[in-house]
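Input: a single structure, listed below in structure tokens.
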Amino acid sequence: MTPLAAVVSGPRVRLFACFLRLGCQQTKPLQLHTGASLAAKNHYEVLVLGGGSGGITMAARMKRKVGAENVAIVEPSERHFYQPIWTLVGAGAKPLASSGRPTASVIPSGVEWIKARVVDLNPDKNCIHTDNDKEISYKYLIIALGIQLDYEKIKGLPEGFAHPKIGSNYSVRTVEKTWKALQDFKEGNAIFTFPNTPVKCAGAPQKIMYLSEAYFRKTGKRSKANIIFNTSLGAIFGVKKYADALQEIIRERNLTVNYKQNLIEVRADKQEAVFENLDKPGETQVISYEMLHVTPPMSPPDVLKTSPVADAGGWVDVDKDTLQHKRYPNVFGIGDCTNLPTSKTAAAVAAQSGILDRTISLIMKNQTPVKKYDGYTSCPLVTGYNRVILAEFDYNAQPLETFPFDQSKERLSMYLMKADMMPFLYWNVMLRMGKNETIHKETATWGYWGGPAFLRKLFHLGRS
């Protein structure tokens, strides 16, 4: 393990000083991007679909390679959100306003923002179509369209959110309803769900359970709360080391976990939730609730499901090592919309962006990509208002940890990183790569951006 003296001396000090300089810059006014679809060209060397974390990060990287005027982002949303913080918003620990900024403020300066929605992809002709009847062609395409929330696949939703006692941390429209339901809880069942589909941030459905239990304890309501986690999965977590730690917490805090239980209906007017037993299809159970947190079913965006770039499940079909499309060599994917066999998290996107940057660089030079993505992802498992278990692992569900201590233990330091440092790094490092060229020259070789992955590269404490 790297000695502390080595960490705080030599080249790493220069890197850390660079990070501090960037932190100082956050007090300066942001350069807003004012591009709109009316000013857009109809061809770009690099076209990025999606203005989430993966799309913004890759647009910034591509700007450095081909020039801002040759890069465009297609994104309809006026606001950009740092969604990992919604776990804390739903528990009343952070304000919702802290999670969002105008999309214009995070678009890399000079990069064209095409304010439209993608409605068709035609990779055979190297073009896409938007909902304002525009055809845009490209030389290289990066697909970063994220994942789709399918609340409507649960009978009674999303209209059920108009009723009290129900919320969901997965949507900006419903996350504050979670906090309201938590505050209004009096006595009865507090139910938390996990759907029978892939999801983004797979730890979030149980994080809010632990936070709710802590809130009930702090407010003297714990003895009146029956806390239930109904999950469609067969285990509490996919990595044994962290699963064992979570099981101990579940036992100590007297939480009820029911496996292979999938939420299929919400009767919000009666405060009832209906679950199907996945081991016995057709067998259902109705449970009354005083509080219900819903994690919705999720799927690839509709525009991808029938696209030539999708696999049989509708996900962007990329090579798991290089992120290059398996059939279209000038098409690439990043993040939640891909079929990469790893957890869909912001930390995974941060790690993937470094690999994809190298992949595209070599493809542009007619060379074969050599750097391989190992599936690194991270899930800060919030277990209370001041504790986090920092799970980090790879494709093989093997721990891939950053710090020189047992990360399966609950720690205040990891909570502070989750609540404060990660958002700072996201807004001021990961998304601002295209804002400050000086910083890029010093940090271009760091590889991983955001959260624990950023710290790994900074301190060389884990596997690169």
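The values are calculated or read from the model by the stated rules, or taken from the named source; none is laboratory data. Computed from a prediction, not measured in an experiment: that's the story for all the values here. Don't worry about glycine lacking a Cβ; one is built from the backbone with ideal geometry, like all the others, and counts go over all protein chains shown. Just the protein is used for accessible areas: all its heavy atoms, side chains included, with ligands, DNA and RNA removed. Shrake-Rupley method; radii C 1.70, N 1.55, O 1.52, S 1.80 Å.
Please identify the pairs in which a residue from the stretch 397-422 that is within 18 Å of residue 248 (Cα to Cα) and assigned to a strand (DSSP E or B) has its Cβ atom under 7 Å from the Cβ atom of a residue that is at pLDDT 95 or above and open to solvent by less than 60 Å² (accessible area, probe 1.4 Å), counting only partners at least 6 apart or on another chain. If the second residue must be at pLDDT 95 or above and open to solvent by less than 60 Å² (accessible area, probe 1.4 Å), the pairs left are 411/388. Given the conditions (1) touching a strand residue (DSSP E or B) at 6+ places or on another chain (Cβ under 7 Å); (2) not in a loop (DSSP other than H, G, I, E, B), and given that residue 357 satisfies all but one, which numbered condition is not satisfied? That leaves (1) as the condition not met. Of all residues in the stretch 343-359, which are more than 12 Å from the chain's Cα centre (by Cα), open to solvent by 10 Å² or more (accessible area, probe 1.4 Å) and in contact (Cβ under 8 Å) with a residue 40 or more places away in the chain? If the condition is that a residue be more than 12 Å from the chain's Cα centre (by Cα), open to solvent by 10 Å² or more (accessible area, probe 1.4 Å) and in contact (Cβ under 8 Å) with a residue 40 or more places away in the chain, then 357 is the only one that fits. Identify all residues within the stretch 53-82 that are open to solvent by 40 Å² or more (accessible area, probe 1.4 Å), in contact with a helix residue (DSSP H, G or I) (Cβ under 7 Å, 6 or more places away or on another chain) and among the acidic types (Asp, Glu); write none if there are none. Once the filter is applied, which keeps residues that are open to solvent by 40 Å² or more (accessible area, probe 1.4 Å), in contact with a helix residue (DSSP H, G or I) (Cβ under 7 Å, 6 or more places away or on another chain) and among the acidic types (Asp, Glu), the stretch 53-82 yields only 78. Can we say residue 330 is modelled with pLDDT of 95 or more and on the phi > 0 side of the Ramachandran plot? No; evaluated as a whole, the condition is false for this residue. When the test is whether a residue is over 24 Å from the mean Cα position of the chain (by Cα), buried (at least 19 other Cβ atoms within 10 Å of the Cβ) and more than 30 Å from residue 392 (Cα to Cα), residue 225 passes it. The condition (being assigned to a strand (DSSP E or B) and open to solvent by less than 10 Å² (accessible area, probe 1.4 Å)) is satisfied by just one residue among 136, 85: 136. Could you check, for the stretch 198-220, whether at least one of its residues is in the same structural domain as residue 289 (by the TED database), open to solvent by 10 Å² or more (accessible area, probe 1.4 Å), over 24 Å from residue 99 (Cβ atoms) and touching a residue at least 12 places away in the same chain (Cβ under 8 Å)? Checking the stretch 198-220: not a single residue is in the same structural domain as residue 289 (by the TED database), open to solvent by 10 Å² or more (accessible area, probe 1.4 Å), over 24 Å from residue 99 (Cβ atoms) and touching a residue at least 12 places away in the same chain (Cβ under 8 Å). Here 366, 339, 330 are screened, and the one residue that is in contact with an Asp or Glu (Cβ under 9 Å, 6 or more places away or on another chain), surrounded by fewer than 21 Cβ atoms within 10 Å (Cβ to Cβ) and in the same structural domain as residue 81 (by the TED database) is 339.
Do you know which of the residues in the stretch 279-307 that are part of a loop (DSSP other than H, G, I, E, B) and surrounded by fewer than 17 Cβ atoms within 10 Å (Cβ to Cβ) is nearest to the chain's Cα centre (by Cα)? Applying the filter and picking the extreme gives 306.
When the stretch 308-327 is limited to residues that are part of a loop (DSSP other than H, G, I, E, B), open to solvent by 10 Å² or more (accessible area, probe 1.4 Å) and in contact with a Gly (Cβ under 9 Å, 6 or more places away or on another chain), the one that is nearest to residue 209 (Cα to Cα) turns out to be 315. May I ask you to verify whether residue 100 is within 25 Å of residue 175 (Cβ to Cβ), open to solvent by 30 Å² or more (accessible area, probe 1.4 Å), modelled with pLDDT of 95 or more and in contact with a Phe, Trp or Tyr (Cβ under 6 Å, 6 or more places away or on another chain)? So residue 100 does not fit the description; no.
Here residue 160 passes the criteria (1) under 23 Å from the mean Cα position of the chain (by Cα); (2) not in a loop (DSSP other than H, G, I, E, B) except the one numbered (1).
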